[in-house]
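Read through the structure below, which is laid out as structure tokens, and then see the notes.
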Amino acid sequence: MQAFSLDGQLCEEKDATISVMDHGLLYGDGVFEGLRFYSGEIFRLDIHLRRLTDSAKAIGLALPMPLSEIEQALYKTVKASQLDNGYIRLIVTRGTGNLGLNPANCHSPRTIIIVAELSMIPDHIRDSGANVIIASTRRMSSDELDPRIKSLNYLTQILARQEANVAGADEAILLNRLGRVAEGTADNVFIVKNGQLQTPPTSEGALDGVTRNAIIDLANRHDIPVSETLLAPYDLYTADECFLTGTGAELIPVAMIDGRELGDTRPVYEILSAAFSHLVQPK
Ligand code: PMP
């Protein structure tokens with residue numbers, strides 16, 4: 001079942017409410033993390049908490065609870081959900097202010113935790129691969145809005161996802177303003193070309209994904225050559241394999257990009273997908 005916590009206290013869904021004057025709602029002013037737990041253990045919790053801390057720092061938001069208390073609240077909420085495996089949304093909002101956007105008027109950031117089962121990806125997509133498009137909506141560059149900040153404002157990604165919906169596709173890949181591949185709407189992009197695994201560097205407009213980094217580690221451990229490479233749409237269209245990674249998505253193979261079919265064998269994806277499943281099982 002689902003479980004909720006507000007400012008470190010467990011509560012019912014109906015009581016998990018914050019003010020309409022919270023700048024998280026009024027301006028998307030806040031930060032978040034999506035985490036997963038497997039057999040009750042939160043995957044790479046320390047890295048998620050570091051990223052949350054850095055996102056908060058980057059927007060000048062003081063986390064309202066020490067990390068040790070956030071960790072306790074996360075595990076308490078996981079326990080209350082009675083789930084062995086599931087997804088956690090951890091949100092810190094700027095808190096209540098007035099209708100002006102000035103964050104200096106907000107004095108009490110709120111911490112929200114939601115634990116739920118998550119089946120983001122239908123089985124048929126995991127089996128036969130996703131149909132993706134390249135969106136016309138562009139990912140902002142790091143000199144505009146740093147993509148490493150995981151903020152509550154996801155309008156860019158939502159617009160790209162809407163483009164995918166209109167096109168009847170499963171997901172959209174965003175380019176940066178130079179027309180190079182940045183990432184998916186909530187996932188990082190990998191391709192395989194001639195046995196080489198490649199993914200764009202975060203400086204291209206990609207989030208420094210926890211799953212992305214786990215896959216790079218696993219590739220190294222399995223002697224699969226892996227590099228951070230600048231990628232154009234051409235590289236996606238002509239890839240031997242393509243897959244997406246994210247906490248929600250885990251690993252999703254891509255079958256088609258803008259109507260171009262990729263090969264139907266995915267040897268590198270298969271190795272890494274099996275290795276990832278093995279990795280997330282607590283020892
Ligand atoms: N890019 C974006 C924009 C995301 O929202 C996410 C999911 N949080 C990712 C990439 C994947 O990152 P992670 O593996 O840390 O979930």
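The values are calculated or read from the model by the stated rules, or taken from the named source; none is laboratory data. The structure displayed is predicted, hence computed values, not measured ones. Glycine gets a Cβ as well: all are built from the backbone with ideal geometry, and neighbour counts include every protein chain shown.
The table below lists the values:
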{"read-out": "Members of region 122-152 that are among the hydrophobic types (A, V, I, L, M, F, W, C) and touching a strand residue (DSSP E or B) at 6+ places or on another chain (Cβ under 6 Å)", "value": "ALA130, VAL132, ILE133, ILE134, ALA135, LEU152"}
{"read-out": "LEU178, sole failed condition from (1) in a loop (DSSP other than H, G, I, E, B); (2) within 11 Å of the ligand (Cβ to nearest atom); (3) not β-branched (Val, Ile, Thr)", "value": "(2)"}
{"read-out": "Residue that is more than 16 Å from the ligand (Cβ to nearest atom), of a type outside the set (Asp, Glu) and surrounded by fewer than 21 Cβ atoms within 10 Å (Cβ to Cβ), where the choices are VAL166, VAL192", "value": "VAL166"}
{"read-out": "Any hit, region 230-244, residues being within 12 Å of the ligand (Cβ to nearest atom) and not assigned by TED's automatic domain parsing to the domain that holds ARG89", "value": "yes"}
{"read-out": "Extreme residue, farthest from the ligand (Cβ to nearest atom), among residues of region 195-207 that are among the polar types (S, T, N, Q) and assigned to a helix (DSSP H, G or I)", "value": "SER203"}
{"read-out": "Looking only at region 45-101, and only at residues there that are assigned to a helix (DSSP H, G or I) and acidic (Asp, Glu), the one that is surrounded by the fewest Cβ atoms within 10 Å (Cβ to Cβ)", "value": "ASP46"}
{"read-out": "Test: residue in region 208-221 that is assigned by TED's automatic domain parsing to the domain that holds ILE257, more than 19 Å from the chain's Cα centre (by Cα), assigned to a loop (DSSP other than H, G, I, E, B) and more than 13 Å from the ligand (Cβ to nearest atom)", "value": "no"}
{"read-out": "Test: residue in region 134-153 that is of a type in the set (Gly, Ala, Ser), at pLDDT below 95 and within 23 Å of GLY28 (Cα to Cα)", "value": "yes"}
{"read-out": "Extreme residue, nearest to the ligand (Cβ to nearest atom), among residues of region 139-163 that are buried (at least 17 other Cβ atoms within 10 Å of the Cβ) and outside any loop (DSSP other than H, G, I, E, B)", "value": "GLN157"}
{"read-out": "ILE121 being at pLDDT below 95 and buried (at least 16 other Cβ atoms within 10 Å of the Cβ)", "value": "yes"}
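Conditions (1) in contact (Cβ under 8 Å) with a residue 40 or more places away in the chain; (2) farther than 21 Å from LEU52 by Cβ; (3) in contact with a His (Cβ under 8 Å, 6 or more places away or on another chain), marked per residue:
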| residue | (1), (2), (3) |
| --- | --- |
| VAL92 | yes, no, no |
| SER108 | yes, no, no |
| ALA116 | yes, no, no |
| ARG126 | yes, yes, no |
| ALA130 | yes, yes, no |
| SER136 | no, yes, no |
| LEU155 | yes, no, no |
| ARG161 | no, yes, no |
| ARG177 | no, yes, no |
